[in-house]
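The values are calculated or read from the model by the stated rules, or taken from the named source; none is laboratory data. Bear in mind the structure is a predicted one, so any value in this text is a computation, not a measurement. Cβ: placed from backbone, ideal geometry, glycine included. Neighbour counts: every protein chain shown. Note: areas computed on protein heavy atoms with side chains; ligands, DNA, RNA excluded. Shrake-Rupley method; radii C 1.70, N 1.55, O 1.52, S 1.80 Å.
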Amino acid sequence: MIVTNKQLLSTAKRKGYAVPAFNVDNLESVLGVLNALNSTGKPLIIQTIPRTLKYGGIPTYAALTRALYKGGADLSIHLDHGGDIQTVKACIDAGYTSVMIDGSMLDFDQNVSLTKQVVELARKSGVSVEAELGTIGGKEETEGQIKYTEVAEAVEFVKLTGVDSLAIGVGTAHGVYKGTPQIAVDRIKEIADKVDIPLVLHGASGLSDEVIRACIDAGINKINFATHLRQAFTEGLKKGLADKGATYDPKTYLPFAIKAVQEVAERIINLCEPEA
Ligand SMILES: [Zn+2]
């Protein structure tokens, strides 16, 4: 069934695993991720960032995902890093079941106020909301000013906003890591002990399997993967174009990209949601 993040993550929290959230860019990446959902039989989240929506149009990705989803394990359709109310509203209208509002660059009170507005709006449509507190590296504007999420602030933020899940800053970064990332696993645990909603980890593509498992054990219930999928898509596409059977017809070489996305997604799903 197509459900909300809140539904997927509350089960994950109860059972102690994380639901992977995959950033898609096109028809082929949606197909690759949905193939992985079918082959593993495990729930996942398909999400898009505003830049992707600008590229392909807001109604496109939810419609594409809904058209291609054939049932089986549960699925949620999520807006990643929504920056304003208008985008959130347009995504809810387009069929997203969950939205993120990223007010992490605002000061605490402004972030609370923006998040609260989105929670009120989303509630009316039964859509769940993720917010962010602290900073995650790799966005140009956060360069050199990474702020870890404070435990007391997280407690206060959740209480004031009524948000459903919270992305926290614990040393991860978006994109490709320059050095070895230092992740504050202890901080995850401290926040998870005090906050009763699911916690979200962004920027996981460059983390080792061991670090990802440690983050899940410490209390992370949703993990975002974007860079890994984009890399797999691109490598698969190159392989397809180099294949002797490839012709001028995109349907001969794009399946290589679909398969590469599927394989990396399957690996991540099994890492995040091990068999009970
Ligand atoms: Zn992110």
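Extension gain for Ala63-Arg51 works out to 2.6 nm (0.36 nm per residue, less the C-alpha to C-alpha distance). Computed over the chain, the per-residue total of -39500 (n - 2.57) for DSSP H runs of n ≥ 4 gives a 222 nm mean residue ellipticity of -16000 deg cm²/dmol, rounded to 500.
The simple spin-label model puts a point 7 Å past each Cα toward its Cβ; for Lys239 and Arg14 those points are separated by 3.9 nm. Ligands, DNA and RNA are left out, and with a 1.4 angstrom probe the accessible area of the chain is 45 Å² per residue.
If R0 is 35 Å, the Cβ-Cβ spacing of Leu160 and Asp217 corresponds to a FRET efficiency of close to 0.75. Overall, the chain carries a charge dipole of about 760 debye about its Cα centre when +1 sits on the Cβ of Lys and Arg and -1 on the Cβ of Asp and Glu, all other atoms neutral. Atom-type composition of the exposed protein surface of segment 65-175 places 51 percent of the accessible area on carbon and sulfur (1.4 angstrom probe).
For Asp186, the accessible area of its heavy atoms, probed at 1.4 Å with every protein chain present, is near 120 square angstrom. Specify the inter-centroid distance of segment 165-225 and segment 12-81, based on alpha-carbon positions, in whole Å. About 20 Å separates the Cα centre of segment 165-225 from the one of segment 12-81. Take the Cα of Ala73, go 7 Å toward its beta carbon, and the backbone nitrogen atoms of segment 246-276 under 16 Å from that spot belong to 261-276.
The ellipsoid that matches the Cα gyration tensor of the chain has semi-axes, each √(5λ) in whole angstrom, of 29, 21, 18, with the longest given first. Pairing the Cα long axis of helix 58-68 with the longest principal axis of the chain, what angle in degrees results, from 0 to 90 and rounded to the nearest 10? Its long axis makes an angle of about 60 degrees. Beta bridges per DSSP, both residues in the chain: antiparallel share near 0 percent. Multiply the residue gap between Tyr177 and Ile85 by 0.36 nm, knock off their C-alpha separation, and tell me the result in nm, one decimal place. My answer for the length gained is 30.0 nm.
Amide H contacts under 5 Å for His174: Gly137, Gly138, Lys139, restricted to partners 5 or more places along the chain or on a different chain, H placed in the peptide plane at 1.01 Å from N. Amide hydrogen proximity for Ala167: with H placed 1.01 Å from N in the peptide plane, the residues at 5 or more positions away or on another chain lying under 5 Å are Ala131, Glu132, Leu133, Val200. Once the Cα atoms are used to define both axes, helix 227-242 deviates from the longest principal axis of the chain by about 10 degrees. For Glu210 and Thr247, what is the calculated FRET efficiency with R₀ set at 41 Å and r taken between the beta-carbons, to the nearest 0.05? Step by step, r from the Cβ atoms, then E = 0.40.
Database remark: amide H of Val19 closer than 5 angstrom to the amide H of Lys222, Ile223 (H placed geometrically; neighbours at sequence offset of 5 or more, or on other chains; Pro and chain starts carry no H).
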